[in-house]
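The values are calculated or read from the model by the stated rules, or taken from the named source; none is laboratory data. In this text, all values refer to a predicted model and were calculated from it rather than measured experimentally. Glycine also receives a Cβ, built like all others from the backbone with ideal geometry; neighbour counts cover every protein chain displayed. Areas reflect the complete protein model, heavy atoms only, side chains present, ligands, DNA and RNA absent. Shrake-Rupley method; radii C 1.70, N 1.55, O 1.52, S 1.80 Å.
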Amino acid sequence: DMKVTQMPRYLIKRMGENVLLECGQDMSHETMYWYRQDPGLGLQLIYISYDVDSNSEGDIPKGYRVSRKKREHFSLILDSAKTNQTSVYFCASSLGTGTEQFFGPGTRLTVL
Amino acid sequence: QQKVQQSPESLTVSEGAMASLNCTFSDGTSDNFRWYRQHSGKGLEVLVSIFSDGEKEEGRFTAHLNRASLHVSLHIREPQPSDSAVYLCAMRENAYKVIFGKGTHLHVLP
């Protein structure tokens, strides 16, 4: 069963705390993505990973960093979270160029 | 200006009536368009992928692409209350990047 998983599904943190969002996929997809989704703004691309240790900034990378040490895992890290990083974060993966992206269920992060 | 614009923002239809959603885009060179559905609190699921002008049908979902008019639409035949969701149009901008519209909220009344 092909799937993208995200952990945790819900997270509440205080401003200044560090946040780690995890994403996994079992399809051996090369490319993985992190997006955030906010009302009125839609999906915005934070980072792309082309493969292990090969990452590229998306449209809104400021305040975020990523780590991909294994093809099946892609982590999003917020060092010293800010209240404006409250959002729903989605991870996605795709086989390669131009192919369909498979999305995880999302992580709802609240930064107080 | 938004590269992908969807209309209407919200649409209410009765069960069984055709639902039509629209998407206009700014770049006619893209050859890769998809429609996704997102139920409340869930991730995105792809409905239809279309890569050339014309029509593509996947079950009750039909996409029409007209790149000359910078327009792609989604038609849902015999919509059901379970089709109530946000529908997102997506256009591939380059090899790895996809641009999403802000979505149309579809409400299907029983």
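How many of the residues making up region B:63-107 are over 14 Å from B:Val48 (Cβ atoms) and of a type in the set (A, V, I, L, M, F, W, C)? Total satisfying the criteria: 9.
May I ask you to list the residues in region B:10-42 that are more than 29 Å from A:Met7 (Cβ to Cβ), part of a loop (DSSP other than H, G, I, E, B) and out of contact with any Gly (no Cβ under 8 Å at 6 or more places or on another chain)? Selection gives B:Glu15, B:Gly16, B:Ala17, B:Met18, B:Ser26, B:Asp27, B:Gly28, B:Thr29, B:Ser30, B:Asp31. Once region A:19-33 is narrowed to residues that are out of contact with any Ser or Thr (no Cβ under 7 Å at 6 or more places or on another chain) and over 15 Å from A:Pro105 (Cβ atoms), the residue that is surrounded by the fewest Cβ atoms within 10 Å (Cβ to Cβ) is A:Ser28.
Any idea which of (1) among the hydroxyl-bearing types (Ser, Thr, Tyr); (2) over 12 Å from the mean Cα position of the chain (by Cα); (3) buried (at least 16 other Cβ atoms within 10 Å of the Cβ) is the one A:Thr83 doesn't satisfy? Going through the list (1) among the hydroxyl-bearing types (Ser, Thr, Tyr); (2) over 12 Å from the mean Cα position of the chain (by Cα); (3) buried (at least 16 other Cβ atoms within 10 Å of the Cβ), A:Thr83 breaks only (3).
Scanning region A:19-48 for residues that are modelled with pLDDT under 95 and among the hydroxyl-bearing types (Ser, Thr, Tyr) returns A:Ser28, A:Thr31.
Annotation: of all residues in region B:7-33 being touching a residue at least 60 places away in the same chain (Cβ under 8 Å) and open to solvent by less than 30 Å² (accessible area, probe 1.4 Å), the one that is nearest to the other protein chains (Cβ to nearest Cβ) is B:Asn32.
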